[in-house]
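Asks: Got a structure for you, questions after.
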Amino acid sequence: MSVYKEAVHAIATIENQSKRIYPDACDFGAPVKKGDDTWNWAKQLVDWFGVEGTRKEHRYATGATVSQKVSYMPNEHNSSSYVTVEVVFVLVEGQRNMDGYIYIQK
């Protein structure tokens, strides 16, 4: 698999695992625990394709939100067609079944 196909696969994995997080709210994303498959795909996406200087972190009483822009080329034959999306991780404290959730913002 080429490098850029890995980026497309990572984004598809996160989007396919996404669901409504809480029944009484509109939070939507892929629930993750640190080190699980979806977490690792998101980490690889940021490590390989993260745009330097675009990481943002916001801390609040119940957790934190960390976002990072990534830029990749979905079609290797057209080198001018870069796509930039944002990978967002929401840390949720006090949950036993997940450390937080991840979503892709286009």
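The values are calculated or read from the model by the stated rules, or taken from the named source; none is laboratory data. A quick note: this is a predicted structure, and the numbers were derived from the prediction, not measured. Here the Cβ is made from the backbone with ideal geometry for all residues, glycine too, and neighbour counts use every protein chain on show.
Asks: Among the numbered criteria (1) assigned to a strand (DSSP E or B); (2) in contact with a Lys or Arg (Cβ under 7 Å, 6 or more places away or on another chain); (3) surrounded by fewer than 17 Cβ atoms within 10 Å (Cβ to Cβ), which one does residue 54 miss?
Replies: If we test residue 54 against (1) assigned to a strand (DSSP E or B); (2) in contact with a Lys or Arg (Cβ under 7 Å, 6 or more places away or on another chain); (3) surrounded by fewer than 17 Cβ atoms within 10 Å (Cβ to Cβ), just (1) comes out false.
Asks: Pick from 25, 42, 10, 30: which is buried (at least 17 other Cβ atoms within 10 Å of the Cβ) and either at positive phi or not in a helix (DSSP H, G or I) (or both)?
Replies: Details: 25 fails: buried (at least 17 other Cβ atoms within 10 Å of the Cβ); 42 fails: either at positive phi or not in a helix (DSSP H, G or I) (or both); 10 fails: either at positive phi or not in a helix (DSSP H, G or I) (or both).
The conditions single out 30.
Asks: Can you spot a residue in the range 75-87 that is hydroxyl-bearing (Ser, Thr, Tyr), crowded, with 17+ Cβ neighbours inside 10 Å, at pLDDT below 95 and touching a Ser or Thr at 6+ places or on another chain (Cβ under 9 Å)? Step through it out loud before you land on a result.
Replies: Step one: filter the range 75-87 for residues hydroxyl-bearing (Ser, Thr, Tyr), giving 79-82, 84.
Going one step further and asking which of them are crowded, with 17+ Cβ neighbours inside 10 Å, we end up with none.
Checked the range 75-87: no residue is hydroxyl-bearing (Ser, Thr, Tyr), crowded, with 17+ Cβ neighbours inside 10 Å, at pLDDT below 95 and touching a Ser or Thr at 6+ places or on another chain (Cβ under 9 Å).
Asks: Looking at 42, 64, 30, which is the one that is more than 19 Å from residue 13 (Cβ to Cβ) and out of contact with any Cys (no Cβ under 8 Å at 6 or more places or on another chain)?
Replies: Values: 42 fails: more than 19 Å from residue 13 (Cβ to Cβ); 30 fails: more than 19 Å from residue 13 (Cβ to Cβ).
Going through 42, 64, 30 in turn, the sole match is 64.
Asks: Failed condition for residue 48, given (1) in a helix (DSSP H, G or I); (2) at pLDDT below 95; (3) within 28 Å of residue 96 (Cβ to Cβ), with all others met?
Replies: Evaluating residue 48 over (1) in a helix (DSSP H, G or I); (2) at pLDDT below 95; (3) within 28 Å of residue 96 (Cβ to Cβ) leaves (3) as the failure.
Asks: While we're here: So for the range 18-26 (the condition being within 18 Å of residue 100 (Cβ to Cβ), of a type in the set (A, V, I, L, M, F, W, C) and at pLDDT 95 or above), does at least one residue qualify?
Replies: Checking the range 18-26: not a single residue is within 18 Å of residue 100 (Cβ to Cβ), of a type in the set (A, V, I, L, M, F, W, C) and at pLDDT 95 or above.
Asks: Which residues, counting only those in the range 57-74, are closer than 24 Å to residue 4 by Cα and exposed (fewer than 14 other Cβ atoms within 10 Å of the Cβ)?
Replies: Keep residues of the range 57-74 that are closer than 24 Å to residue 4 by Cα, which gives 66-74.
If the condition is that a residue be closer than 24 Å to residue 4 by Cα and exposed (fewer than 14 other Cβ atoms within 10 Å of the Cβ), then 71, 74 are the ones that fit.
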